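The values are calculated or read from the model by the stated rules, or taken from the named source; none is laboratory data. What you see is a predicted model; the values in this text were computed from it and never measured. Here the Cβ positions follow ideal geometry from the backbone for every residue, glycine too, while neighbour counts run over all protein chains shown.
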Amino acid sequence: MALWSLFTLIGVSLAFDLNDPKTNLDSVIRTTGSTDPNIQTVNYINGTIFLRFPGGTLQKVFLLEGFNIARKVPKSFGYLSLSKEFLVYRNYKTGEIIDVLMNPQTRIPNEVFYIHNDPVNVNFTYGQITPFTILENDRVGFNNDILLQYPNVLDPQHYPKYTAGPIYEADELFQFYTRYSKLATTNIQDLNYTSTWSRRSQFLPWLELGGINGHMYYVSTNWKCLQGFADVPQDILDIVKNKFPDFLNAPDTFEVPNETTWSAFKAVIDQRRKEGKPDIIIPEVNIKQGLRNKPTHLDPLIYETLAKLDSFTVTFTGRVYSEITGNNPINLFKVKGILTCKVNLTPGGPQIVATIKGNFLDPNTDQVLTMWKNPLTNQTNYVPPISGKYGKTLFKGDDSVWSLPVPKLEETAVVGATSRSFFNNATGTEDWSVQLLDVFFPNEDLKSMNPYMYGTWIKYSSWPEWMGMTGDEGLLVWRMNLELLKSKTKYKGKSIIG
C-alpha cells in the first residue's frame, strides 16, 4: 500500500465515530439500504418457524421465505425508510410453497395467508444511537431489539379463534453486519450486509389457535440481494408478478399506519364477513406426487474444518431483557463471556462440546455484577457468574442444525434451534429455554482451514432461581453477538454492547 494511501486510511478511520449520531444513522442506512433515494434495495429473508407449547419442546412447522424492497430518502432530520415485504410459507420437508397447512396441533386444515405488508415505513431521526458491536475481524454489527406490546387489532370478542388476547405481544431481534473498514474508509452509499432476525410471537391468526397457550419462534438468515430480484426464487417472483405486482417496487411516499400480518388478516376477514362469506376459505390445491424431501444438513466443510482445531474460542456480548405482559420491557443486564469449544468427529456424527464462562454486567456502567437490586421485585440478589457445559452430537437425520450458502457474498450461514423443558419439583414450576443460533462463516477462511465466524445467539428462558421470581409471569429475552476469534487485528473505538 502506498504511504499516502495508508495515511489517508488512518485519517478517515480516526475521524469516523459510530457514537456520533449522524455518523451512526448514516452508517445504519448505508448498511441496510442506500443513502441514494433512487436506489431500491431488495433484502432476502430465509427463515424457519417453530411452535412451542408449555411443557414441550420446539416443533418445526414450516419455512418462511421472501423479500423486503426498500428505498431510503434523506431528510434534514434523518431518513424516511419506505418499504414493502412479501413472504411465503414452505413445507419444511419438501420446500413447496403451501396454501393449505394441516395443523399439527388441531389436525384440521388451515388456509395459509402469505405475508404481503404494504407499507412498512419508518421515520429515522438523528439523535438516538443504534447500539453496535465492533468485532475483531473487520465486522461491525448493528443491533435493533424491539419488544412489542400494544392493543391487538384482533380483539377476542370479535375474533376469538384467531387471537391470543387483547394485547399483541412479540419480540423482534435484528442484527445487521457489514465490513467496518468499508464504513470507516469509503463513501460507498450501498454496502453489502448479512443479517439475522429472531422473533417470538403469539400464534399466527390463520392457525386458529386462539385461546391455546404457546408461542411461535422464528430464526431467519437474511442478506442484501446484490442482483436485486435475480437473487429471489423464481416461484416467489411468479406469485408476485401475477397476483401482487405492486410489490415489485418500494413505496414512493411515506404513509401510515404500517401493515402487519395481523392487520392484513383482519382486513380479509372483515371483507368476507361484509360479503356474507365464511371467514376461512380452504383453497383447492393440486396434490403433487413424488415430491422429494428438501435436504437439510450441515455442510461437512464446517465441522471438518472446526474438528482440525485443538479447540477454538467464541466470544459473546449482548443484552438481557425482561418481558412481562402489560409491563414495559427492561434491559436488566448486559452479558459478556467466552465459549471454549471443541468439535469431534464420532461414529454417530459430528459432536460439539462447549464450556461457557461469563458475567452479567450493569447495563449502564458495564461493571460486573455480584449483588444487584432487581427492579421487578425491589429485592437485592446475589448474581452468579455465567457458567456451564454443553454437548451435542448431530446424528444422521437430525435437522436441528443446518447450513445454507449466501450467494455472491461467499459466505455460509449455519443455523440451529434447540430447546429444553422440565418440571422443577423444588419450585413446582417449568424451567424452560429456547436457543437459536444464526452465524456466518466466510468461505475463504474455511477453505484455508483457518475458520472465522460471526453472528447471533438468541435465548428465551424462564426466570433463573437466583432472581427470586420463580412462578412469576414473564421471561428473559437474551440477544448476543458471537465471534470466533481468529485475527489479532483490533479496531479501536468504543462499542455500545448490543
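Computed values, structure above
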| read-out | value |
| --- | --- |
| Options 51, 18, 64: the member that is touching a His at 6+ places or on another chain (Cβ under 8 Å), of a type in the set (A, V, I, L, M, F, W, C) and touching a residue at least 12 places away in the same chain (Cβ under 8 Å) | 51 |
| Residues within region 92-139 that are assigned to a loop (DSSP other than H, G, I, E, B), closer than 30 Å to residue 444 by Cβ and not hydrophobic (A, V, I, L, M, F, W, C), tallied | 6 |
| Tabulated pairs, region 378-399, first touching a residue at least 40 places away in the same chain (Cβ under 8 Å) and on the phi < 0 side of the Ramachandran plot, second assigned to a loop (DSSP other than H, G, I, E, B) and surrounded by 13 or more Cβ atoms within 10 Å (Cβ to Cβ), C-beta under 7 angstrom, 6+ apart or interchain | 379/468; 381/374; 381/468; 383/369; 394/298; 399/296 |
| Residue match in region 212-227 (condition: under 30 Å from residue 105 (Cβ atoms), of a type in the set (Val, Ile, Thr), surrounded by fewer than 16 Cβ atoms within 10 Å (Cβ to Cβ) and in contact (Cβ under 8 Å) with a residue 60 or more places away in the chain) | yes |
| Scan of region 174-232 for residues that are under 19 Å from residue 323 (Cβ atoms) and aliphatic (A, V, I, L, M), ordered by number | 216, 219 |
| Among residues of region 138-167, those that are modelled with pLDDT of 95 or more and either surrounded by 19 or more Cβ atoms within 10 Å (Cβ to Cβ) or within 16 Å of residue 27 (Cα to Cα) (or both), counted | 13 |
| Hits in region 70-79 (condition: farther than 17 Å from residue 117 by Cα and assigned to a strand (DSSP E or B)) | 72, 73, 74, 75, 78, 79 |
| Residue 76 small (Gly, Ala, Ser) and in contact (Cβ under 8 Å) with a residue 24 or more places away in the chain | no |
| Flag if residue 359 is touching a helix residue (DSSP H, G or I) at 6+ places or on another chain (Cβ under 7 Å) and among the polar types (S, T, N, Q) | no |
| Given (1) assigned to a helix (DSSP H, G or I); (2) surrounded by fewer than 21 Cβ atoms within 10 Å (Cβ to Cβ), number of the condition residue 252 does not satisfy | (1) |
| Filtered residue count, region 404-448, keeping only those that are among the hydrophobic types (A, V, I, L, M, F, W, C), closer than 30 Å to residue 42 by Cβ and surrounded by 15 or more Cβ atoms within 10 Å (Cβ to Cβ) | 12 |
| Verdict on residue 201 being surrounded by 14 or more Cβ atoms within 10 Å (Cβ to Cβ), more than 22 Å from residue 41 (Cβ to Cβ) and within 20 Å of the chain's Cα centre (by Cα) | yes |
| Matching residues in region 153-180 - criterion: being closer than 20 Å to residue 218 by Cα and not in a strand (DSSP E or B) | 162, 163, 164 |
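Quick grid of which residues meet (1) surrounded by 18 or more Cβ atoms within 10 Å (Cβ to Cβ); (2) of a type in the set (A, V, I, L, M, F, W, C):
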site	(1), (2)
43	yes, no
80	yes, yes
107	no, no
128	no, no
